[in-house]
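Below is one structure, written out as structure tokens; comments come after it.
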Amino acid sequence: MSKIAQSLIVVIPLLLLQATWIFTDARKRGEKYYWAWGLLGLLNFPTSLIIYLIVTRHGYLKCPNCGKTVKNNYKYCPYCGNALKKICPTCGVEIEEDWRYCPECSRKLKEF
């Protein structure tokens with residue numbers, strides 16, 4: 001068996017596996033062109049997978065309560081209602097965990 005045939009025996013299943021995983025993941029995540037992502041997965045290994053992961057994971061996070069993937073600009077999970085970011089109880093602005101006062105309304109957030 002030639003080296004080209006041996007290489008194809010390894011590469012073709014990898015490309016099919018990669019394309020199937022990308023297609024399934026993109027459809028599950030609600031990507032508009034999930035079929036195009038699947039086709040991209042057939043082109044080369046592992047560059048297509050790396051591109052897919054970089055592009056689709058940017059701007060998303062997992063809800064710590066239900067584990068669903070949501071956009072990172074959401075304040076609350078649309079699936080379970082869990083607060084995704086800490087917000088000021090008075091004015092609703094997003095705050096950091098270690099802040100003592102709200103930068104918008106100056107409400108005291110925690111003791112010193």
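Every number here is computed from the coordinates shown, using simple stated rules; none is lab data. Keep in mind it's a predicted model, so treat the numbers as computed, not measured. FYI the Cβ positions are ideal-geometry reconstructions off the backbone, even for glycines, and counts take in every protein chain you see.
Dipole magnitude of the chain about its Cα centre, charges +1 at Lys/Arg Cβ and -1 at Asp/Glu Cβ only, in debye to the nearest 20?
Values: 16 positive and 8 negative charges, 41 e Å.
Dipole of the chain, to the nearest 20 debye: 200 debye.
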Read-out Kirkwood radius over Cα pairs in Å, derived from the coordinates shown; its label in (1) 16.2; (2) 17.3; (3) 15.1: (2)
Extension reserve of the Trp35-Leu53 stretch, reckoned as 0.36 nm per residue once the Cα distance is removed: 4.9 nm
Burial ordering of Glu111, Glu97, fewest other beta-carbon atoms within 10 Å first: Glu111, Glu97
Value of relative contact order over the range 11-112, rounded to a whole percent, pairs C-alpha under 8 Å and six or more apart: 14 percent
C-alpha long axis of helix 3-28 to longest principal axis of the chain, angle in °: 30 degrees
Electrostatic dipole magnitude of the range 3-58 [Cβ: Lys, Arg +1; Asp, Glu -1; Cα centre; debye, to 20]: 100 debye
Principal-axis tilt of helix 47-57 within the chain, Cα atoms, nearest 10 degrees: 20 degrees
Under-27-angstrom lysine pairs by C-alpha in the chain, whenever the two are 8 or more apart or on separate chains: 27
